[in-house]
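To start, the structure under review is shown below, and the notes come after it.
Readers should treat all values here as calculations from the given coordinates under stated rules, not as data from a laboratory. Only a predicted model underlies this, so the values are computations on that prediction, with no experimental measurement involved. Cβ: placed from backbone, ideal geometry, glycine included. Neighbour counts: every protein chain shown.
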């Protein structure tokens with residue numbers, strides 16, 4: 001590209017006009033371009049000297065910080081310079097980039113240049129109020145492309161140079177930077193100005209594109225999905241950090257093939273060649289770092305050959321689903337009400353095992369609070385943040401129990417979902433599963449449960465692939481599993497797997513001293529929920545509650561208290577609020593001073609502790625007699641540990657030798673069974 005000489009006569013005329021401005025006189029019309037004249041006047045008003053040769057430079061530390069902040073802009077400008085200005089390099093003495101404050105943040109000087117333009121030193125300040133009319137400063141002031149030739153510069157230092165400058169704009173059309181190309185005045189060419197404007201526009205578009213990609217990347221990083229953009233031949237165009245984590249990578253990978261990280265397979269072939277969207281299918285991806293079961297979706301990008309692969313970890317999605325559906329444990333040991341020694345022993349045993357992954361078997365009558373204990377054990381354990389799934393083995397139809405527990409694959413039975421369905425054990429992975437009424441589980445489901453407890457693997461109904469699950473099993477029953485094993489209705493090997501750590505929850509009749517605390521708690525709860533102002537319980541009512549047998553245990557007491565609060569509008573629960581069924585049971589079981597037809601005791605019954613002891617002693621004696629004095633069998637029937645039964649017998653004054661003699665007198669033909 002050849003240069004075009006600048007007429008010296010015009011340069012001399014411009015110099016004369018500048019002197020008129022400096023003297024405060026008007027310039028001759030038609031000689032000085034309007035924007036140059038405005039710039040001269042601003043420079044003069046700022047006190048800039050035409051003879052000044054100083055060049056203000058900012059602190060190197062501040063310059064480093066500014067350059068780091070504009071690193072992307074500098075990189076983009078460098079690339080544009082390399083591609084667009086190869087033809088003018090022999091004539092361009094200086095190429096520079098300034099930020100919006102007029103600070104030179106990048107300078108490109110050819111190696112052959114021996115006397116570069118002094119005003120484009122790295123870190124120099126190029127604003128008009130500092131060095132007068134110049135390419136960068138005047139472009140900033142005018143906010144438009146300009147060129148300044150020779151004498152149009154305000155200071156004599158720039159009179160031998162021509163400058164072509166154009167603003168670089170951001171997405172909102174705000175001035176971001178200025179691009180400058182400086183040439184010796186005799187090498188000036190009009191085409192340079194056009195190239196500078198084109199380069200500034202290209203840089204602006206590149207910066208806009210980069211900003212858009214940054215936003216796109218930020219959005220991808222915010223998404224709770226693994227996102228991978230692939231070409232049809234398997235090259236990775238883009239990947240977010242969540243996808244990298246699923247694949248076992250430390251950071252997202254680009255400019256490489258997906259088969260570098262994922263084993264080639266029919267699954268990958270189907271993903272890369274699909275012409276229609278795929279929505280939420282489950283498959284096992286054989287990633288090089290670690291295989292993962294994932295839900296995946298595929299979306300072909302319209303108008304291009306790329307596809308978007310979306311990955312969700314199956315286990316994580318199930319955990320989210322469990323949380324969304326409310327499958328979590330609400331209660332802790334602090335919610336267990338009672339101070340009786342029997343209850344304290346059960347709580348102590350539960351607290352001891354809670355931090356460990358040991359399988360727990362909770363024994364107790366209906367209504368004693370087995371699920372309350374199960375939730376408390378979960379919340380005090382290592383998997384407290386995981387799901388808590390409850391399965392009532394007695395409430396599910398026997399034909400559906402196995403598919404509910406272990407899930408099923410497509411085609412397992414008529415009506416099975418095409419995507420299959422995870423079972424309760426898969427949903428509970430990372431947490432606990434509570435198998436209530438475990439004694440109702442059918443034998444075929446017991447086999448699958450036994451395999452899971454042994455291997456930590458679950459196989460869906462109709463499937464062949466075993467899935468690893470990490471789940472704590474807490475089972476509960478109100479039945480005598482040992483007797484069921486003898487009867488052949490419960491697997492012996494499963495019983496021993498479940499009976500690792502049994503916990504017996506005593507019935508309410510064994511801990512009558514807790515009834516007052518429970519009644520007060522239920523009164524407060526139901527008064528608040530039912531918007532009643534009942535504040536206390538009459539002593540006679542409490543005495544009647546404490547004398548009741550409570551076959552339904554705490555649940556029956558709770559329901560009784562709710563009924564009493566519902567029907568009463570006074571501030572105290574009185575005898576009038578007692579349910580007739582409760583009074584009837586009391587008359588039939590303990591006629592201790594309650595007169596027929598009367599709602600209040602005629603005379604004070606024996607002390608509560610005596611009544612409880614008599615009831616307990618009678619019940620234990622009857623069970624021991626049924627088992628001919630065999631303590632082991634009696635303890636199993638009572639669902640108590642043998643040491644605890646011995647302790648109870650001593651406390652209640654039960655003489656085992658006398659009971660055995662009594663049993664022999666009734667059954668002299670039978671040998672007395674071993675006591676152990």
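What order do you get for 156-168, 125-137 when each peptide is scored by the mean count of other beta carbon atoms within 10 Å, highest first?
The peptides rank, most packed first, as 125-137, 156-168.
Can you give the relative contact order of the chain as a percent, counting alpha carbon pairs under 8 Å and 6+ residues apart?
Here the relative contact order equals 8 percent.
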Q.
Given a Förster distance of 56 Å, report the FRET efficiency between residue 122 and residue 282 from their Cβ-Cβ distance, rounded to the nearest 0.05.
A. 0.45
Q) Any idea what the relative contact order of the range 8-214 is, in percent, if you count C-alpha pairs under 8 Å spaced at least 6 apart? A) 22 percent
Q) What does the highest-first list of 513-521, 140-148 look like by mean Cβ count within 10 Å? A) 140-148, 513-521
Q: Determine the distance separating the Cα centre of the range 6-80 from the Cα centre of the range 444-500; give it in Å without decimals.
A: 87 Å
Q.
Ignoring everything except DSSP H segments at least 4 long, calculate the 222 nm mean residue ellipticity for the chain; use -39,500 (n - 2.57) per segment, divide by total residues, nearest 500.
A. -13000 deg cm²/dmol
**Q.** Relative contact order of the range 445-558, pairs being alpha-carbon contacts under 8 Å that are 6 or more residues apart, as %
**A.** 19 percent
**Q.** Inter-label distance for residue 330 and residue 10, nm, one decimal - labels placed 7 Å from Cα along Cα-to-Cβ
**A.** 8.7 nm
**Q.** Label-point separation, residue 301 to residue 217 (7 Å along Cα→Cβ), nm
**A.** 1.6 nm
Q. Stretch residue 235-residue 619 to full length: gain in nm at 0.36 nm per residue minus the Cα-Cα span?
A. 130.5 nm
